[in-house]
Amino acid sequence: MWDHEIKAMASTHAIITASVFMATVIPAVFVPGFSVYGTHLLWVYAVSGTVTCVSVAIFWLLGISPPTKKHTLGYKLSRLSRSCLYFFLSCLFFYTVVVLYGAPLIESALETFSLSVLLTSLTTLRCLCVLGPNVQTWIRVFSRHGAMSVWDTCLQITVACTLIGAWVGAFPIPLDWDRPWQVSSSHRKPTYSDWNQWTFELLFSFHHLQPV
Amino acid sequence: MKGTRVLSLLLWLCLMYFVGIYLFVGGFLLVRMEVNRTSTCGDILEPGDGSGDFCGSQPRFRRAVLIIIDALKIDFARFDPSNTAPRPYENKIPVLEETLSSRPLQSRLYTFRADPPTTTMQRIKGFTTGSLPTFVDVGNNFASSAILEDNLIQQFGKTGKRVVFMGDDTWESLFPKKFHRSLPFPSFNVKDLHTVDNGILQHLYTTMMGDDWDVLVAHFLGVDHCGHRFGPDHPAMADKLTQMDSVIRSVIDRLQNDTLLVLMGDHGMTDTGDHGGESQKETDATLFLYSPSPIFPAPLSQTEPDVVPQTDLVPTLALLLGVPIPYSSVGQVLLPLFSPHGQTGSAVGGLSQLEALWINAKQVNRFLETYSSMAKDIPPESLSQLQQEFSRLSSEYLLTARESRLPSSHLVSALQAYLTSVRDICRATWARFNPVKMAAGLVLLASVCLVCFLMSELSPALMREKTAGLLAPLVVALAVGACAAAAQLLTRGYVETAWCLAAGAFSSEILFFWRVCRLSPPAVTKNGAKASKLSRWLVLRRLLTPPLMVPLLRCASLLSDSYVIAEGRVITFLVLSLVIYIPIHLNWNGLLLPPSPDPLKSAGKESGILLACLGVLIGSMYLSLSFHGCREEQGFCQPSPFLSPLSRLQDSQLKNLYYILSVISLGVFAYLLRHCLCHYGNLNSSGGAVFTARWILPLLSVCLALHWAVSATPEDSFRKLSELIRLAQLALPRAAFCLLGLGLCLIWLDPLTVFVKARATSSSRSSAPALPRYRASTGISPQAELRHLIPQIYHRMRRSLEDGELSGGIEADNRPTVEAYGLGTVYSAPVLLFWGMLGVGLLLLHPEGMALSFLLLLLEMGALLHIHASSVNLSGAHGASTGGFTVPWAPIVVWSLAATQFFHATGHLPTFPSIQWGAAFVGFPDGHTGTFLPALLVSLNTFASHILFAVGCPLLLLWPLVREVRGSRGGRACGEEGEDAVMEMRLRENPEQFSSALLQLSARYLFIHGVQVFSSVCAAAILRRHLMVWKVFAPKLMFEALGFLVSSTVLLIGVTLVLRVDMAVSRWFKRLIPDAAR
């Protein structure tokens, strides 16, 4: 059982990683002029869209989500709508946080919002898939003794690493290297910190899995 | 309460820090006094023959062209025909070599040796004043960078020469309005190789052909920028140097016979293209002199100097062009340009070598006399030696001149030797880093940081120790310092204070370490015996927790110029991260949300408070970003509109709006303070502190608002009232100062805010919690009163306990009981009040708009205190508290970093031009006579946030007690009567823990600040060759060091205030107990 779960989780992550990779490579083949830095917004959309679809599909197929109490269609619909609402609220929440961290409020709203969508698809969406739309449970899971299953532990690690990665992504901005991805010193929180996120995320999650 | 021990330990720490900073700064910052006198044509130099020296003879040249090619290293200018495969920077300026070989009597190429610091601004100062500029030239004007010392450009202007300038816009800021015509081009962007050069080339030739100039200065920047961007070894450098070659050719072609061409570099560059330091590659620049008519009496000979110090250009140019030598020049004339004696009247004209040297020597001697009367930094024995030498030389010269015999070459070389030795002594005093002192300062600072950390970790042990505290280290330090002084006297003949201090500091530190080692064995063996490796790993992991990671990141950020430039935002980012970490950490430990909601309802409420305060904190941090000023390095940045004083606003409607906003925020500031005191029942008694809170604080605020109104009125709007307005401008701020002083004194003298009400009823214990008859005059509901102002039954309880122990046997019943209102916040109320008074007082020194920022500061502090208290309560509720009154690292780190955050959010920046000089004139609109008062006012203004956060630091210890949840801790401390809130009285129960926690808190606060100072010191030491060292790192170091000085002093004051309150409370109890026992 334990072994089986770990295998399932490892393959899930492998699939998600592969999907990110594909979301980078496939547009580069089909869309003319696509590059990670040049058309970063497009890339971010591609990545977050793919991650959203793939993780929803996988977690639904694997049946990780907590069992529902009622099996009526109406209840399922309300769960779905609540999940969508949470997704949207979480986008707004991340937008606010990023703005509070120093991103301009309106000036580059599109970039900031895409970053928040990306962060949501990497963190909140996963919580929604694994734990269902229940904030109380989320808060409980993110405590020392809150993780009940290997999926919870995995969730803790990936979410924490994503957020830390995004946080670390702000560090190069004030430096005066004049690279294209350093937008300007007034834009503290750019949309290109995902490499950090993913490397961090993957490194940490695999590192952590081995002892388990 | 071992108050004296706490204070003396803290004082010792601060002194160690100060000595460390003093040592480093003494070796790093070179200080020189500016002599604000100017030479004129009419000056008679001593000993003279009565006639003016400077403008006596016919000048050799009428006009001069000064071409400065920034960073033109001597290697660039040399031409080696045998080099077949030249590097990109070699052999690119062949014109110099061609001219030298074809016209040897008209041209010379020298190595032009600059004095460190080799940065462009200091160099321009150097070769126009002839002095040795240092980082801090103490003059009477810090606000602008204009050169006030006597200089060549000024002398040209005074003698009627028309100076035309083109090129680097640094000149424009150094010599504002000194040029006949000026064409400055922006020099800021180092990446831009061509703007300045092309701008010059557009105008240079047409100007030269015209007749509208006498002195033409052109400063090319391309070579320097190319070095910074690509390094010297790059094809772009070859292109740039080739361009310069063609420029020089064209200029030489256009010169006329009466014109001198001076081509020079201001400094060199290293192999990576940087400069600023003192290595030979950076100091050796090019000097090329040329004139269409012969200027050198003989072709280049072996006896001529090869290396020309940069200062020597000034007297040479001055005498050649017939203007007075600038007053503070210490250079010596370049002899080959003057004719040997006996040829004076020949076709060459001008002064002879001996005459030029004689004028030069007299001028240098005059400067030396003036300088030594102003400042004492030149060693006296070398000074007297120089004076003897000069008087010997002058008598010899006068003898020669009287007998008009041919001067011996001996006299010439003696005069040269005299001038050289003067310059060497000046250079040794002003222009050399002292690496030994710098290293000693670094080591001392590092060890003090370690001591500080140890002290904060071992504070309970230090408090428990029986042996007399600091007497031994003090005696040892004094003894060692005296020994060092004696040794210096014996070996060198004079005493240097810095080294004595260093010796004393080191010895007392070693003693402290030894005592700590002896102290800690029990602690070490407990963990260390098991597995030393594991424990070391654990210690390392403890250091890597976010609360210590954030200061580490902060220190690392001080080592990068981009991060220092963006410091305001960087620090907000870091503080915000740490603040968000606090609830996440609580949640991680499962403390934020109680697992089951029913048993502890208060916990849910507590976390609600915590999250609300988090919102307030983050909101005020975000808003505080809009009060930042702008550095000149931040290209497109607009300074906050609130920074300019209201009187500068033109739009009257906007002015009114701003004024109302400021007044409202001032009102809210005062109201919040008062409300807080009122809420905890501290406004009921009739002591000095309460008087201050009730009357002086509002009065002060009213004064401030009126002062703003008066100072914002436009001068011409009320003609009739102008007298009154002037009076008000003088009187209102002064009244505010007086009120502030009075209030602070009153708080200090009578800090108790406890209202005592004796109850003559013979109430038994069981009736005690009943609702009291007395209602505080604050108009809040009885429930709130019951909950917070609490008739402090504590005292009764305590007395019964005490009596039980001491006298025993006396019945607890039938005794008059006493109610004390506000006893629970007896410590924090005066500190808070003191803080608030200081806050309003410091606001007086700021522009009006900063009232909003101060309100944000108050909100942020309050929110932080509440978050801290809530998290302590939440941990305490789950039995996870560590015991004692220990304040964890996270809030202290936030607290001390917030000081820097608000340093920026009150419009300050760590640069000299951004100092708000207006503060010196608040209440003194006509200026000052002394320097102490304006310096005090300006530093109070600059370090306002440091002062406020340092003085409020003890609140971090007190606030969790003020906000403690009843019944949580009480159960432990007070046995069965635990339901009574005893709040800060808990501190009196554990005086030992109180003093150790106070020591720990202060040591941690000092540690965080000290580590920041240490890292900026490191930045200055490591990056002393960096391009930005004098622009970014050195000012940052100064501000950081001064900020530490102010913070630590004010922290000591805050701690002393707490101890003072403690004393007052003890006396109060002593008075009360016999009173009650009657």
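The values are calculated or read from the model by the stated rules, or taken from the named source; none is laboratory data. Only a predicted model underlies this, so the values are computations on that prediction, with no experimental measurement involved. Cβ: placed from backbone, ideal geometry, glycine included. Neighbour counts: every protein chain shown.
Key figures
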| item | result |
| --- | --- |
| Residues of region B:589-608 that turn out to be crowded, with 18+ Cβ neighbours inside 10 Å, assigned to a helix (DSSP H, G or I) and either modelled with pLDDT of 70 or more or facing chain A (nearest Cβ under 9 Å) (or both), as a count | 2 |
| Of residues in region B:543-569 being away from every other protein chain (no Cβ under 13 Å) and farther than 17 Å from residue B:1023 by Cα, the one surrounded by the most Cβ atoms within 10 Å (Cβ to Cβ) | B:551 |
| Subset of region B:570-588 (residues that are under 25 Å from the mean Cα position of the chain (by Cα) and either without any contact (Cβ under 8 Å) to a residue 60 or more places away in the chain or within 10 Å of chain A (Cβ to nearest Cβ) (or both)) | B:570, B:572, B:573, B:576 |
| Single residue of B:649, B:625 found to be within 14 Å of chain A (Cβ to nearest Cβ), in contact with a Lys or Arg (Cβ under 8 Å, 6 or more places away or on another chain), more than 30 Å from residue B:961 (Cβ to Cβ) and not basic (Lys, Arg) | B:625 |
| Evaluation of residue B:714 against (1) in contact (Cβ under 8 Å) with a residue 40 or more places away in the chain; (2) surrounded by 15 or more Cβ atoms within 10 Å (Cβ to Cβ); (3) over 33 Å from the mean Cα position of the chain (by Cα) (one fails), failing number | (2) |
| Residues within region A:117-140 that are of a type in the set (A, V, I, L, M), in contact with a helix residue (DSSP H, G or I) (Cβ under 6 Å, 6 or more places away or on another chain) and surrounded by fewer than 20 Cβ atoms within 10 Å (Cβ to Cβ), tallied | 0 |
| Region B:986-1011, residues that are more than 16 Å from residue B:951 (Cα to Cα), among the polar types (S, T, N, Q) and touching a helix residue (DSSP H, G or I) at 6+ places or on another chain (Cβ under 7 Å) | B:995, B:996 |
| Qualifying residue in region B:439-449 (condition: over 28 Å from residue B:518 (Cβ atoms) and modelled with pLDDT under 80) | no |
| Cβ pairs under 7 Å, 6+ apart, first in region B:240-259 and among the charged types (D, E, K, R), second not in a helix (DSSP H, G or I) | B:240/B:193; B:245/B:92; B:245/B:93; B:258/B:61; B:258/B:62; B:258/B:63 |
| Sole exception among (1) within 17 Å of residue B:1051 (Cα to Cα); (2) modelled with pLDDT of 90 or more for residue B:996, by number | (2) |
| Residues satisfying the stated conditions in region A:119-152, i.e. outside any helix (DSSP H, G or I) and on the phi < 0 side of the Ramachandran plot | A:123, A:133, A:134, A:142, A:143, A:144, A:145, A:146, A:147, A:148, A:149 |
| Of the criteria (1) on the phi > 0 side of the Ramachandran plot; (2) modelled with pLDDT of 80 or more, which one residue A:22 fails | (1) |
| Condition check for residue A:117: out of contact with any Asp or Glu (no Cβ under 8 Å at 6 or more places or on another chain) and either within 13 Å of chain B (Cβ to nearest Cβ) or of a type in the set (Gly, Ala, Ser) (or both) | no |
| Matching residues, region B:988-1030, being in a helix (DSSP H, G or I) and either β-branched (Val, Ile, Thr) or in contact with a His (Cβ under 8 Å, 6 or more places away or on another chain) (or both) | B:1008, B:1011, B:1013, B:1017, B:1022, B:1029 |
| Some residue of region B:104-115 being assigned to a loop (DSSP other than H, G, I, E, B) and touching a Gly at 6+ places or on another chain (Cβ under 8 Å) | yes |
| Residue within region B:474-492 that is in contact (Cβ under 8 Å) with a residue 40 or more places away in the chain, of a type in the set (S, T, N, Q) and assigned to a helix (DSSP H, G or I) present | no |
| Residues that are among the polar types (S, T, N, Q) and touching a residue at least 40 places away in the same chain (Cβ under 8 Å), drawn from region A:92-119 | A:108, A:112, A:114 |
| Enumeration of residues in region B:852-874 that are closer than 14 Å to residue B:672 by Cα and over 26 Å from the mean Cα position of the chain (by Cα) | B:859, B:862, B:863 |
| Given (1) in contact with a helix residue (DSSP H, G or I) (Cβ under 7 Å, 6 or more places away or on another chain); (2) modelled with pLDDT under 90, index of the condition residue B:163 fails | (2) |
| Every residue from region A:95-113 that is within 13 Å of another protein chain (Cβ to nearest Cβ) and over 19 Å from residue B:624 (Cβ atoms) | A:107 |
| Residue that is free of Cβ contacts under 8 Å to residues at least 40 places away in the same chain, on the phi < 0 side of the Ramachandran plot and in a loop (DSSP other than H, G, I, E, B), where the choices are B:90, B:46 | B:90 |
| Candidate set from region B:647-666 (those that are in a helix (DSSP H, G or I) and modelled with pLDDT under 80); member that is farthest from residue B:706 (Cα to Cα) | B:648 |
| Flag if residue B:308 is in a helix (DSSP H, G or I) and crowded, with 17+ Cβ neighbours inside 10 Å | no |
| Scope region B:279-295; condition crowded, with 18+ Cβ neighbours inside 10 Å, assigned to a loop (DSSP other than H, G, I, E, B) and not β-branched (Val, Ile, Thr); matching residues | B:291 |
| Residue within region B:38-59 that is under 30 Å from residue B:206 (Cβ atoms) and buried (at least 16 other Cβ atoms within 10 Å of the Cβ) present | yes |
| Number of positions in region B:883-936 that are in a helix (DSSP H, G or I), touching a helix residue (DSSP H, G or I) at 6+ places or on another chain (Cβ under 7 Å) and within 25 Å of residue B:1012 (Cβ to Cβ) | 19 |
| Where residue B:683 falls short, out of the listed (1) among the hydrophobic types (A, V, I, L, M, F, W, C); (2) touching a residue at least 24 places away in the same chain (Cβ under 8 Å); (3) in a helix (DSSP H, G or I) | (3) |
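Here's the yes/no breakdown for (1) crowded, with 19+ Cβ neighbours inside 10 Å; (2) at pLDDT 90 or above; (3) touching a Phe, Trp or Tyr at 6+ places or on another chain (Cβ under 9 Å):
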position: B:68; (1), (2), (3): yes, yes, yes
position: B:72; (1), (2), (3): yes, yes, yes
position: B:81; (1), (2), (3): no, no, no
position: B:122; (1), (2), (3): yes, no, yes
position: B:138; (1), (2), (3): no, no, no
position: B:142; (1), (2), (3): no, no, yes
position: B:148; (1), (2), (3): no, no, no
